[in-house]
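Novice: Sending over a structure as structure tokens; questions will come in a sec.
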Amino acid sequence: MIEAAKPTGNMWILAVIALLGTTVVVNIFMATLASRSHVGYIENRTWEHDQLFQQQIDATVRFRELGLVPKLEISHVEAGGSEFQLSFDSTKESAHSGGFEIELSGKRGDDAKQDFILPLLETSSGIYRATLPRSISGLWMYEVILNRDGLTYRFSK
């Protein structure tokens, strides 16, 4: 009968070296794989975009503290155009809805040539209007930018 060789000190050292070598090789493989993979960021400067987004959130909170809730209405004009009207619902009696500089942008996902930017002008107290000379149809995304007293507020519809 053949007896199995008993492990000696040299065999244990070789086993530890093999284990550590395998660990190093796996770590190098994983590091190479991670460096070549997509990290999932859409923007290159995500920190800056996060800061801008936080500023928009802060502006939204400050705007709501004014007690104004913007309401955008879109209607078609008989002459073939589209009229935009922005008004405010007030949640506070002391809310003042005048004095804003307002810009409206319209974006159409399937045809960027139709995108537009319009200033909305105050026609009466707290009512802002603009007319687009062409009729709009289809799916649009509207963004309204309101400025007053250093406060900028954006909302989308």
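The values are calculated or read from the model by the stated rules, or taken from the named source; none is laboratory data. The structure displayed is predicted, hence computed values, not measured ones. Glycine also receives a Cβ, built like all others from the backbone with ideal geometry; neighbour counts cover every protein chain displayed. With ligands, DNA and RNA removed, areas are computed over all heavy atoms of the protein, side chains included. Shrake-Rupley method; radii C 1.70, N 1.55, O 1.52, S 1.80 Å.
Novice: Can you list the residues, at least 5 places off or on another chain, whose amide H is less than 5 Å from the amide H of residue 115, using H built in the peptide plane?
Specialist: Answer set, sorted by chain and number: 108.
Novice: While we're looking at this one, here's another question. Over the chain, with a Gaussian network built from C-alpha contacts below 10 Å, which listed residue (61, 77, 26) shows the highest mean-square fluctuation?
Specialist: Residue with maximal mean-square fluctuation among 61, 77, 26: 26.
Novice: To the nearest 10 degrees, how steep is helix 9-36 against the longest Cα principal axis of the chain, on a 0 to 90 scale?
Specialist: Once rounded, one gets 20 degrees.
Novice: Could you work out [θ]222 nm for the chain from helices alone, using -39500 (n - 2.57) per DSSP H run of at least four and dividing by all its residues? Round to the nearest 500 deg cm²/dmol.
Specialist: Numbers: 2 runs with 48 residues, N = 157.
-11000 deg cm²/dmol, from helical runs alone.
Novice: In addition: Before I look further, what does the range 47-157 give for accessible area per residue, probe 1.4 Å, in whole square angstrom?
Specialist: 64 Å²
Novice: If you don't mind, there's one more thing I want to ask. Mind ranking 36, 134 by accessible surface for me, highest first, 1.4 Å probe?
Specialist: Working: 36 195, 134 90 Å².
Largest accessible area first, the list is 36, 134.
Novice: Considering only 49, 76, 38, give the residue with the highest GNM mean-square fluctuation for the chain, with springs between Cα atoms whenever their separation is below 10 Å.
Specialist: Judging by the Gaussian network model, the answer is 38.
Novice: I would also like to ask the following. Output wanted: per-residue J couplings in Hz (rounded whole) for the range 129-145, from phi through Karplus 6.51 cos²θ - 1.76 cosθ + 1.60, θ = phi - 60°, x for Gly and Pro.
Specialist: In residue order, the calculated couplings are 9, 8, 10, 9, x, 10, 7, 10, 8, x, 8, 10, 10, 10, 10, 10, 10 Hz.
Novice: At residue 117 and residue 149, where each label point lies 7 Å from the Cα along Cα→Cβ, what is the point-to-point distance in nanometres?
Specialist: Label-label distance for residue 117 and residue 149, simple model: 2.6 nm.
Novice: From the phi angles alone, apply the Karplus equation (6.51, -1.76, 1.60; θ = phi - 60°) to the range 46-59 and give each ³J(HN,Hα) in whole Hz, x where the residue is Gly or Pro.
Specialist: Working through the residues one at a time gives 5, 4, 5, 5, 5, 5, 5, 5, 5, 4, 5, 5, 4, 5 Hz.
Novice: Taking a ≥ b ≥ c as the square roots of the eigenvalues of the Cα gyration tensor of the range 39-157, is the shape rounded (a/c under 1.5), prolate (a/b larger than b/c) or oblate?
Specialist: On the way: a/c = 2.49, a/b = 1.08, b/c = 2.32.
It comes out oblate by the Cα gyration axes.
Novice: Report in % the part of the accessible area of the chain that belongs to carbon and sulfur, leaving out ligands and nucleic acids; probe 1.4 Å.
Specialist: On the way: 6860 of 11800 Å².
Reported share for carbon and sulfur atoms: 58 percent.
Novice: Pick from 101, 48, 122: which is most flexible by mean-square fluctuation in a GNM of the chain where alpha carbon atoms under 10 Å apart are linked?
Specialist: 48
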